[in-house]
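Since the structure comes first, as structure tokens, the remarks are kept for the end.
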Amino acid sequence: MSRFFLEKMVASRLRFFLVLVWSCLFIAGAVAEPLAIDLGRSDPERHVRPLGEPYRGPLIDTHSHLVAPKGKMTAYGNPDILAILERADVSRIILLPTPNAAVNNDAAVRGKREALRKASAGRVLAMCGSDYLTHWMYDAALSGKLPGDSVSQMERLTTDLNGGGCAGVGEIGLFHFAKVRQQAVIKLPAAYPPLLAIGEVAAKAGLPLDLHAESREPNMAPHQAEVFATIDSLFERAPGLRLICSHTCLTTARNARALLQAYPGLMMNLRAFRNPEEWGHLEPITDLQGRLYDDWAALLEDMPDRFMIGDDFMFGWNDPESYERHFQKMRRMLGSLPATVAKKIAFENAVKLFGPLP
Ligand SMILES: [Zn+2]
């Protein structure tokens, strides 16, 4: 046999061997199949689930904000959040600093949020960190360098998380574009090392990380691939992480399903009623009447343990009266799902993640 044929035979056997090894690893779950990303946009006219009788059980809002009034939005600057929760029949709320807290002068409300949490006997919980972490990362990303003070920032976060007053880390921004006029933009590189470090600190503390990641810019420039790569890297770095991709990851039902199937530690919260002028490109889960699209309803039924409610209300900017109306609509939306599914999404999953009500 000539040397040429011998080399060819060895190469082909080696290739066969490598494919065999990869296949065994894939079957054993050691290497992941690359996820198929859906880059298409869902039809806003697609079929919806009719509304049912309102869900009447307990309900937890796992994602809302208390923000400092700014500009003309001073009328709602001092909301009585406990009274509002009572009227809306919401058992518990989790307040997070927004991704843009650092540029919106929200240091002013940090003390207020903390005082409310302490006075609420467990009805108000708070997440920590975004007010000093998101724009710290973005400023470094803009300079094209990694931040030099990662160690001290992670120490600060660790101290916060171990202090007992934090229900998790968030709302950290990966991609946050100008949907509303003058909204500050956040755009981190995919799998940005400081963000992976934050995920690792959260996992070590046993607390969830809440992430805001828009899949498209308002001009439709796609970012799904970076979102997928970042989520993959977060779990690769910290396999025990509990990651909440906020607002159903602002992506299609098909992408959400692929992500949830690939990462058992991933959850999502539902922000149901968006202004389509501002949020229409970010895959709303309901139509304008608040009826769930069929693809989302099917996903909620297939994976009922992976979703929670997160109204994304802005106390301080939004009319507090509208909070109660949001939850009336939310209960009608939940009413279109089987009762066991609605209860998990409204309440039980949040209790599992954040602990029982007092
Ligand atoms: Zn958000």
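The values are calculated or read from the model by the stated rules, or taken from the named source; none is laboratory data. Given the structure is predicted, the values throughout are model-derived calculations rather than measurements. Please note: Cβ atoms are built from the backbone with ideal geometry, for glycine as well, and neighbour counts cover all protein chains shown.
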(request) Check off (1) modelled with pLDDT of 95 or more; (2) assigned to a loop (DSSP other than H, G, I, E, B); (3) within 16 Å of the ligand (Cβ to nearest atom) for ALA256 and give me the number that stays unchecked. (result) (2)
(message) For segment 157-206, which positions are in a helix (DSSP H, G or I) and under 17 Å from CYS245 (Cβ atoms)?
(response) LEU195, LEU196, ILE198, GLY199, ALA202, ALA203
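Which of the following residues is surrounded by fewer than 20 Cβ atoms within 10 Å (Cβ to Cβ) and either over 18 Å from ILE231 (Cα atoms) or modelled with pLDDT of 95 or more (or both): LEU125, LEU146, LEU157, LEU195? Walk me through it before giving the result.
Details: LEU125 fails: surrounded by fewer than 20 Cβ atoms within 10 Å (Cβ to Cβ); LEU157 fails: surrounded by fewer than 20 Cβ atoms within 10 Å (Cβ to Cβ); LEU195 fails: surrounded by fewer than 20 Cβ atoms within 10 Å (Cβ to Cβ).
LEU146 is the lone residue from the list that is surrounded by fewer than 20 Cβ atoms within 10 Å (Cβ to Cβ) and either over 18 Å from ILE231 (Cα atoms) or modelled with pLDDT of 95 or more (or both).
Among the residues of segment 212-223, which ones are in contact with a Leu (Cβ under 8 Å, 6 or more places away or on another chain) and either more than 16 Å from the ligand (Cβ to nearest atom) or of a type in the set (Asp, Glu) (or both)? Let's see the steps before the verdict.
First pass over segment 212-223, keeping only residues in contact with a Leu (Cβ under 8 Å, 6 or more places away or on another chain): 212-216, 222.
Selection gives GLU214, PRO222.
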(request) Could you run through segment 199-211 and say how many residues are more than 14 Å from the chain's Cα centre (by Cα) and either surrounded by fewer than 21 Cβ atoms within 10 Å (Cβ to Cβ) or within 16 Å of the ligand (Cβ to nearest atom) (or both)? (result) 4
(message) If I filter segment 239-253 for residues that are under 14 Å from the mean Cα position of the chain (by Cα), part of a helix (DSSP H, G or I), without any contact (Cβ under 8 Å) to a residue 60 or more places away in the chain and away from the ligand (no atom under 16 Å from the Cβ), do I get at least one hit?
(response) no
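Given the options TRP296, TRP317, name the one that is more than 16 Å from the ligand (Cβ to nearest atom) and either at pLDDT 95 or above or surrounded by 17 or more Cβ atoms within 10 Å (Cβ to Cβ) (or both). Steps first, please.
Numbers: TRP317 fails: more than 16 Å from the ligand (Cβ to nearest atom).
From the options TRP296, TRP317, the qualifying one is TRP296.
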(message) I'd like to know if segment 350-358 contains one or more residues that are modelled with pLDDT under 95, surrounded by 14 or more Cβ atoms within 10 Å (Cβ to Cβ) and either under 24 Å from GLU171 (Cβ atoms) or more than 19 Å from the chain's Cα centre (by Cα) (or both).
(response) yes
(message) Consider segment 167-184. How many of its residues are more than 13 Å from the ligand (Cβ to nearest atom) and under 17 Å from the mean Cα position of the chain (by Cα)?
(response) 3
(message) Please go through segment 55-70 and give me each residue that is assigned to a loop (DSSP other than H, G, I, E, B) and surrounded by 16 or more Cβ atoms within 10 Å (Cβ to Cβ), ordered by number.
(response) TYR55, PRO58, LEU59, VAL67, ALA68, PRO69
(message) Filter segment 300-325 down to the residues that are out of contact with any strand residue (DSSP E or B) (no Cβ under 9 Å at 6 or more places or on another chain), in a helix (DSSP H, G or I) and either closer than 19 Å to ILE93 by Cβ or among the charged types (D, E, K, R) (or both) and list them by number.
(response) GLU301, ASP302, GLU321, SER322, GLU324, ARG325
(request) Return the pairs, sorted by first residue and then second, in which the second residue is charged (D, E, K, R) and at pLDDT 85 or above, the first residue lies in segment 95-108 and is within 11 Å of the ligand (Cβ to nearest atom) and in a helix (DSSP H, G or I), the beta carbons are less than 7 Å apart, and the residues are 6+ apart or on different chains. (result) none
(message) Just to check your reading of the model, which residue among GLU226, GLU278 is within 14 Å of the ligand (Cβ to nearest atom), in a helix (DSSP H, G or I) and among the charged types (D, E, K, R)?
(response) GLU278
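Take the residues of segment 271-295 that are free of Cβ contacts under 8 Å to residues at least 60 places away in the same chain and not polar (S, T, N, Q): which is nearest to MET220 (Cα to Cα)? If you could, list the steps in order and put the result at the bottom.
Step one: list which residues in segment 271-295 are free of Cβ contacts under 8 Å to residues at least 60 places away in the same chain, which gives 273-275, 277, 285, 288.
The next check asks that each one be not polar (S, T, N, Q); those that pass are 273-274, 277, 285, 288.
Details: PHE273: 20, ARG274: 17, GLU277: 13, ILE285: 18, LEU288: 21 Å.
The selected residue is GLU277.
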(request) Assess whether LEU6 counts as being of a type in the set (A, V, I, L, M, F, W, C), away from the ligand (no atom under 16 Å from the Cβ) and either modelled with pLDDT of 50 or more or in the same structural domain as ALA258 (by TED's automatic domain parsing) (or both). (result) no
